[in-house]
Amino acid sequence: MLYRATVLLALMTLSQCSPKPAEKPASATAADFSYDLALSFTPEAAEHLKKRGEKLTISARYYGLPTPEAAHLVTPDGVIGFNTDTVIVEPLNQNVHMTGAGIQKERLVAIVGPKPLVQITAFALHDGVKDERLSCRVFQDYVATAQEKPLPFACSLVP
């Protein structure tokens, strides 16, 4: 009986010394990649789109630079590709919220930083064909740069 009590006491003491399970760092569990665009149109561009009944499609393509361990996962462009977010808006000066949902958080371990990049483009379609008269800014940089403040994103007409 004394032997059992000693073994039980030893096990209880050792269990108090065992390390706690590792916790995930806060940045890995709660990454927010949303940002805002300060969309603006020249009066001519807005009128052109409204007259034709067109809306603006904003496309945000997310990607990252591969870690050495993930080199086998690169696209033909040499990057780790994520999904693309697409938002369709009226041709009005406005703030547009981009959620960053196209970034697959489970794949962040495959990119350097892990700091995702974004390429933002915009276009209008007329009867399924891109409106070549509309010219909008193209933004390509780290998502963190887009998050610093509402990102100016201007559209105008090509003469």
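Before moving on, here are some points about what is shown:
- Theoretical gain in end-to-end length, Ala154 to Glu106 [0.36 nm per residue, Cα-Cα removed]: 14.0 nm
- Gain on full stretching of the segment that runs from Thr99 to Tyr142 - 0.36 nm per residue minus C-alpha separation: 14.0 nm
- Accessible area (Å², per residue) of segment 73-159, counting only protein heavy atoms and a probe of 1.4 Å: 58
- Here the label points at Lys55 and His126, each 7 Å from Cα along the C-beta direction, are separated by 1.9 nm in the simple model.
- Total formal charge among the other residues, if their Cβ is under 12 angstrom from that of Ala101, Lys/Arg +1 and Asp/Glu -1: -1
- Ordering of 115-126, 77-88 by packing is 115-126, 77-88, highest average first (other Cβ atoms within 10 Å, averaged per residue).
- Convex hull volume per residue for segment 27-159, taking Cα atoms only, in Å³: 112
The values are calculated or read from the model by the stated rules, or taken from the named source; none is laboratory data. Since the structure is predicted, the reported quantities are computational estimates derived from the model, not experimental observations. Because the Cβ atoms are built from the backbone with ideal geometry, glycine has one as well, and the counts that use them run over all protein chains shown. We work out accessible area using only protein heavy atoms, side chains counted, and drop any ligands, DNA or RNA first. Shrake-Rupley method; radii C 1.70, N 1.55, O 1.52, S 1.80 Å.
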